[in-house]
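K.L.:
Before we start, here is the structure in question, set down as structure tokens.
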């Protein structure tokens with residue numbers, strides 16, 4: 001089982017992951033062949049609409065997929081070890097110690113009946129040999145690190161005595177208290193006040209740098225991604241559409257969906273009549289179209305997009321799954337490509353409009369004759 | 001917390017007063033006690049004399065206040081039938097009922113909670129299905145039927161256990177106990193099971209539903225994500241959260257068990273308060289009935305207060321620093 005396939009030396013390597021939910025009306029494929037890798041200490045953002053499978057990917061990595069969901073294919077390697085088929089006890093020892101988790105809602109992720117200190121100490125003692133006293137000292141140190149004032153007093157308080165932002169700090173302390181190599185943060189700021197969001201993201205970023213932890217940051221907040229991440233992975237309907245360095249993906253996206261996603265963020269100081277949006281909605285899992293999942297909403301879709309699933313291919317410094325890039329120099333400037341595409345499309349529209357006009361006039365003539 | 005307690009105490013007093021009014025009005029409206037106490041050929045003078053000596057000729061509010069004051073001192077008058085103080089009668093019978101209820105309560109907790117926890121943790125195992133089916137039977141069978149079936153099997157057919165009475169009892173002060181003799185213990189088994197069976201099924205279903213709910217919460221998922229062992233998650237975290245709402249119901253059920261031990265006591269001829277009450281009803285022995293009514297409601301009120309206080313001990317969210325802000 002220990003087939004050491006750490007060819008690239010990546011900390012986390014997901015290969016062709018497929019997650020399925022068997023239902024009465026057939027099997028739903030929630031994650032369809034995702035491949036990702038994460039270097040030690042790197043921050044990878046995972047973006048996409050709700051239901052794209054971002055959180056599910058994170059859940060699968062931590063081995064907490066709930067029935068009836070199951071990993072139907074692919075492999076997950078962590079630190080050179082295959083972990084998707086580990087026995088549950090071995091996986092449990094990995095969770096918390098090697099892979100920390102941060103959940104979305106700090107108001108519900110802490111047990112209301114246990115003091116913050118007890119939850120910290122319990123986690124520390126599960127994964128280390130520290131004595132209760134040492135564990136307590138470590139817990140206080142963690143609370144200090146996450147910026148909780150007067151940690152010696154606060155440690156014995158209960159979650160309800162903390163504000164939302166403070167609770168998320170506690171959650172971060174819990175995730176990092178035994179120096180995991182990887183932290184999976186599932187929308188860590190979505191439930192927080194806007195004013196607190198930046199602080200929490202900042203804290204997460206600095207602390208992970210200090211602890212040397214890599215982060216998989218699941219979010220739909222592009223601002224957070226742009227500020228925090230080294231690389232971004234964009235998901236759509238259970239598939240990965242584009243992965244690349246954050247600047248490239250945000251500024252010069254290669255996939256029409258990513259371009260739509262980035263275009264939909266209004267910029268400060270720019271007056272716009274209408275907010276840009278991508279027409280339509282993400283397909284339900286039971287109705288994912290043939291070919292590229294994005295084709296019904298894609299302005300550039302061709303016959304091929306409706307037939308064949310595009311493969312993930314190298315493009316520039318990232319990867320993209322789109323037929324538009326088939327046969328195009330992978331280092332071509334995406335902005336220029338899309339400009340040409342738009343021009344070509346406009347020309348075609350005009351030609352069609354012209355055709356229509358000719359037809360109409362012919363018809364009109366025919367009537368008169 | 002103190003102000004909460006005081007308010008709770010005030011409410012309890014009001015409840016007790018209302019019950020006292022009910023108990024008192026029984027004297028007025030459920031037949032004339034004088035008729036039932038004297039023989040049919042008693043003269044009018046004798047009747048008037050008895051009426052005066054019982055204080056029945058006083059104005060109503062005077063009668064009620066004397067009733068309340070005396071009841072508060074544990075004086076419920078004299079049983080019409082036994083011609084002995086009601087308090088004595090009840091004190092004699094109380095240990096039997098309380099021992100029976102205690103046994104049934106322990107059975108219901110020891111069996112119900114583990115069954116509920118097991119079927120919440122392993123909802124798809126065959127044993128959980130067996131538990132579910134059994135609990136359905138237990139919850140739908142009337143208690144007297146299960147009691148009679150128990151007697152039929154274990155007393156009549158197998159002849160293992162006695163079918164009535166308390167067996168030999170030992171007196172410790174005024175408390176008579178059946179816990180120290182073999183026949184006393186044997187006699188407790190069947191009625192204990194009969195009284196506890198319904199509670200077992202109730203507690204099992206409650207614990208199961210509550211625990212499944214808790215296991216789905218974020219903090220349990222987060223506890224798993226922190227790599228805590230299954231034992232720590234299930235029994236350290238989930239069980240404590242599960243028991244919070246369960247305690248309320250269990251507490252109220254304890255009161256109900258004391259009050260409704262009547263049926264069990266009748267089936268097993270158990271010399272407890274419930275049996276006393278049933279006898280009192282058939283003889284229209286109103287002082288006994290009203291005393292029983294007051295006593296049962298007092299027990300309910302006290303248990304309710306204890307449950308509320310346990311909430312304070314268990315749930316840090318209700319504790320000192322916020323005092324009354326969040327109490328219900």
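Residues checked against (1) out of contact with any strand residue (DSSP E or B) (no Cβ under 8 Å at 6 or more places or on another chain); (2) surrounded by 16 or more Cβ atoms within 10 Å (Cβ to Cβ); (3) in contact (Cβ under 8 Å) with a residue 40 or more places away in the chain; (4) closer than 24 Å to residue B:75 by Cα:
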| position | (1), (2), (3), (4) |
| --- | --- |
| B:218 | yes, yes, no, no |
| B:246 | yes, yes, yes, no |
| B:254 | yes, yes, yes, no |
| B:259 | yes, yes, yes, yes |
| B:268 | yes, yes, yes, no |
| B:276 | yes, yes, yes, yes |
| B:282 | yes, no, no, yes |
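K.L.:
Find the strands (runs of 3 or more DSSP E) located wholly in segment A:183-257 whose residues include 2 or more that are more than 20 Å from residue A:293 (Cβ to Cβ) and touching a helix residue (DSSP H, G or I) at 6+ places or on another chain (Cβ under 7 Å), and list them.
P.N.:
Those strands (runs of 3 or more DSSP E) span A:214-218.
K.L.:
Quick one: which residue in B:108, B:135, B:125, B:155 is without any contact (Cβ under 8 Å) to a residue 60 or more places away in the chain and closer than 27 Å to residue B:246 by Cα?
P.N.:
None of the other options fit; the residue is B:125.
K.L.:
A further question on this structure: Give me the residue from segment A:221-262 that is in the same structural domain as residue A:20 (by TED's automatic domain parsing) and surrounded by fewer than 17 Cβ atoms within 10 Å (Cβ to Cβ) and, out of that set, modelled with the lowest pLDDT.
P.N.:
Only one residue tops the list, namely A:223.
K.L.:
A further question follows. All but one of (1) within 13 Å of another protein chain (Cβ to nearest Cβ); (2) surrounded by fewer than 20 Cβ atoms within 10 Å (Cβ to Cβ); (3) under 22 Å from residue A:204 (Cβ atoms) hold for residue A:172; which doesn't?
P.N.:
(2)
K.L.:
Go through (1) more than 26 Å from the chain's Cα centre (by Cα); (2) at the interface with chain B (Cβ under 9 Å from one of its Cβ atoms); (3) buried (at least 19 other Cβ atoms within 10 Å of the Cβ) one by one and return the number of the condition residue A:104 breaks.
P.N.:
So the condition that residue A:104 fails would be (1).
K.L.:
Oh, and also: How many residues does segment B:43-64 hold that are at pLDDT 75 or above and outside any helix (DSSP H, G or I)?
P.N.:
3
K.L.:
I'm told residue A:173 meets every condition in (1) out of contact with any helix residue (DSSP H, G or I) (no Cβ under 7 Å at 6 or more places or on another chain); (2) without any contact (Cβ under 8 Å) to a residue 60 or more places away in the chain except one. Can you identify the failing condition by its number?
P.N.:
(1)
K.L.:
For the structure I just gave you, tell me whether residue B:313 is out of contact with any helix residue (DSSP H, G or I) (no Cβ under 9 Å at 6 or more places or on another chain), at pLDDT below 85 and part of a helix (DSSP H, G or I).
P.N.:
The answer is yes for residue B:313.
K.L.:
Could you tell me which residue of segment A:35-53 is surrounded by the most Cβ atoms within 10 Å (Cβ to Cβ), considering only residues that are assigned to a strand (DSSP E or B) and within 12 Å of the chain's Cα centre (by Cα)?
P.N.:
In this case the residue turns out to be A:46.
K.L.:
Does residue B:198 satisfy being in a loop (DSSP other than H, G, I, E, B), away from chain A (no Cβ under 13 Å) and on the phi < 0 side of the Ramachandran plot?
P.N.:
No; evaluated as a whole, the condition is false for this residue.
K.L.:
Next up: Among the residues of segment A:119-136, are any under 24 Å from residue A:201 (Cβ atoms), surrounded by fewer than 19 Cβ atoms within 10 Å (Cβ to Cβ) and within 14 Å of chain B (Cβ to nearest Cβ)?
P.N.:
no
K.L.:
For the list (1) out of contact with any helix residue (DSSP H, G or I) (no Cβ under 9 Å at 6 or more places or on another chain); (2) surrounded by fewer than 18 Cβ atoms within 10 Å (Cβ to Cβ); (3) part of a helix (DSSP H, G or I); (4) within 14 Å of another protein chain (Cβ to nearest Cβ), I need the number of the one condition that residue A:58 fails.
P.N.:
(2)
K.L.:
Evaluate the following for residue A:113: is it in contact with a helix residue (DSSP H, G or I) (Cβ under 8 Å, 6 or more places away or on another chain), under 26 Å from residue A:202 (Cβ atoms) and within 11 Å of chain B (Cβ to nearest Cβ)?
P.N.:
No: the conditions fail for residue A:113.
K.L.:
Same structure again: Considering (1) within 14 Å of chain A (Cβ to nearest Cβ); (2) free of Cβ contacts under 8 Å to residues at least 60 places away in the same chain, say which one residue B:212 fails and leave the rest.
P.N.:
Of (1) within 14 Å of chain A (Cβ to nearest Cβ); (2) free of Cβ contacts under 8 Å to residues at least 60 places away in the same chain, only one is false for residue B:212: (2).
K.L.:
Could you go through segment A:167-175 and let me know if any residue there is in a loop (DSSP other than H, G, I, E, B), assigned by TED's automatic domain parsing to the domain that holds residue A:63, within 30 Å of residue A:78 (Cα to Cα) and at pLDDT 90 or above.
P.N.:
Scanning segment A:167-175 turns up no residue that is in a loop (DSSP other than H, G, I, E, B), assigned by TED's automatic domain parsing to the domain that holds residue A:63, within 30 Å of residue A:78 (Cα to Cα) and at pLDDT 90 or above.
K.L.:
Let me ask another. Within segment B:66-94, which residues are assigned to a helix (DSSP H, G or I), free of Cβ contacts under 8 Å to residues at least 12 places away in the same chain and under 23 Å from the mean Cα position of the chain (by Cα)?
P.N.:
B:72, B:88
K.L.:
I'm told residue B:230 meets every condition in (1) within 14 Å of another protein chain (Cβ to nearest Cβ); (2) surrounded by fewer than 17 Cβ atoms within 10 Å (Cβ to Cβ); (3) closer than 30 Å to residue B:150 by Cα except one. Can you identify the failing condition by its number?
P.N.:
Residue B:230 satisfies all of (1) within 14 Å of another protein chain (Cβ to nearest Cβ); (2) surrounded by fewer than 17 Cβ atoms within 10 Å (Cβ to Cβ); (3) closer than 30 Å to residue B:150 by Cα except (3).
K.L.:
Quick check on segment A:139-166: of everything there that is under 33 Å from the mean Cα position of the chain (by Cα) and assigned to a loop (DSSP other than H, G, I, E, B), which residue is surrounded by the fewest Cβ atoms within 10 Å (Cβ to Cβ)?
P.N.:
A:149
K.L.:
Next question. Restricting attention to segment B:106-136, which residues are in a helix (DSSP H, G or I) and exposed (fewer than 12 other Cβ atoms within 10 Å of the Cβ)?
P.N.:
Residues satisfying the conditions are B:126, B:127, B:133.
The values are calculated or read from the model by the stated rules, or taken from the named source; none is laboratory data. Predicted, not measured: the structure shown is a model, and the values here were computed from it. Here Cβ is always computed from backbone atoms with ideal geometry, including for glycine, and neighbour counts include all displayed protein chains.
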